[in-house]
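Asks: This is the structure, below, for whatever I ask next.
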Amino acid sequence: MGLRLLLAELVFWGLLIGILAGVVAGSWGAAMKMLAEVMKAPVVTVEGQHTAIDVQRIARRHEIRHFPVVEGDKLIGIVTDRTVREATTSPRIFSLLLDLLATVDRIQVAEIMETSVITAPPDMSVPDAIKLMRERRIGCLPVVQEGRLVGIVTTSDLLVVLAEEAKQGK
């Protein structure tokens, strides 16, 4: 990870922790929104057979970085822009390039997705979601209800919610 990206992440999490401390202390009572109120839906998803280049194209088109991987309506994994970057600079790519056969469009999402996906229910509170994301060091929470993907919340979404609360003076 580049130094600039690492510093940005540290600043972001520091700010978020500071804001969360205010929420927990009760100074922002209205921040007790539930994820169902702030999640993005419908969710832009990918399937296991999509390629890394597909993910890059979808990311640019929708300006997003987190992609739940689904099979039908069942969540089976998650892939992020970081996952794709790391996979496309791995030794596997270089050896494939040497064989003159490989390009980024040959890496399938199923090969690089994270399958141990941390999820949240729609009725989880925003402070609880922030705490979970910080503890698990994740940038998004797929929102799942009765086994079905119903939304997604990212650190950016939660920061917007908290900034709106701060602006309202709550």
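Asks: Scan the stretch 134-170 residue by residue and report those that are open to solvent by less than 20 Å² (accessible area, probe 1.4 Å) and over 17 Å from V43 (Cβ atoms).
Replies: Of everything in the stretch 134-170, those that are open to solvent by less than 20 Å² (accessible area, probe 1.4 Å) and over 17 Å from V43 (Cβ atoms) turn out to be V161, L162, E165.
Asks: Which one of these does L75 not meet: (1) closer than 17 Å to L141 by Cβ; (2) modelled with pLDDT under 90; (3) open to solvent by less than 40 Å² (accessible area, probe 1.4 Å)?
Replies: In the conditions (1) closer than 17 Å to L141 by Cβ; (2) modelled with pLDDT under 90; (3) open to solvent by less than 40 Å² (accessible area, probe 1.4 Å), L75 misses (2) alone.
Asks: Would you check which residues across the stretch 93-129 are part of a helix (DSSP H, G or I), modelled with pLDDT under 80 and loosely packed, with under 14 Cβ neighbours inside 10 Å and list them? Give the derivation first.
Replies: Taking the stretch 93-129 as the starting set, the residues that turn out to be part of a helix (DSSP H, G or I) are 93-98, 104-106, 109-112, 126-129.
Remaining after also requiring modelled with pLDDT under 80: 93-98, 104-106.
F94, S95, L97, L98, D105, R106 - these are the residues of the stretch 93-129 that are part of a helix (DSSP H, G or I), modelled with pLDDT under 80 and loosely packed, with under 14 Cβ neighbours inside 10 Å.
The values are calculated or read from the model by the stated rules, or taken from the named source; none is laboratory data. Quick caveat: nothing in here was measured; it's all calculated off a predicted structure. Methodologically, a virtual Cβ is constructed for each residue, glycine included, from the backbone with ideal geometry; neighbour enumeration extends over all protein chains shown. Just so you know, the surface numbers come from the protein's heavy atoms only, side chains and all, with ligands and any DNA or RNA stripped out. Shrake-Rupley method; radii C 1.70, N 1.55, O 1.52, S 1.80 Å.
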